[in-house]
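> Sharing a structure with you now.
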Amino acid sequence: REKDDKYKIWMPKLRVVQEYKDKRKSIVDVERNIFKFKKSSEEKSRKREKEEKFFRETFMYDKEIKVINTATAECSVPSERRVDLPVTAGEQLDVIDVTEGHAVICRNSEGRYGYVLVEHLNFR
């Protein structure tokens, strides 16, 4: 063992500045967050597709889904039926179609579809 120690080359340890270490960690975290974001966006797109499929089956809607207008909800309204869209005050909604009567078909930011009364909406 003593012979091995004689021929061993001594190398000084280089100390890394603490700021640089933190920078490296943050870069790694950002890369990881990017991958998490992609994963969650895939889940969101699957959920949106599922909601759209449910919407088409429930409402028997075979037209192309186009946003006619955007509206803001004036007050919070819970849904009484599955076809009604629960709305919170100040929420942005995409108006998809106008129906006969006082209701319009809207889509919220989560991708859910449903009827909302025109009285509860503020069109800009």
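> 7 Å from Cα along Cα→Cβ at both Q92 and N122: what's the point-to-point distance in nm?
1.5 nm
> So, one more: Mind checking the stretch 46-115 for trypsin sites (Lys or Arg not before Pro) that DSSP puts in a loop (not H, G, I, E or B) and that have at most 10 other Cβ atoms within 10 Å?
On the way: sites: R46, K47, R48, K50, K53, R56, K63, K66, R81, R82, R107, R112; in loops: K63, K66, R81, R82, R112.
Filter output for the stretch 46-115: K63, K66, R81, R82.
> Local charge sum around T72 (other residues, Cβ-Cβ under 15 Å, Lys/Arg +1, Asp/Glu -1)? Don't skip to the end; give the middle numbers.
Values: positive: R107, R124; negative: E74, E91, D94, E119.
Net charge around T72: -2.
Since every read-out is calculated from the coordinates, none of them should be taken as a lab result. Since the structure is predicted, the reported quantities are computational estimates derived from the model, not experimental observations. Every residue, glycine as well, gets a Cβ built from its backbone with ideal geometry; the counts of neighbours run over all protein chains shown.
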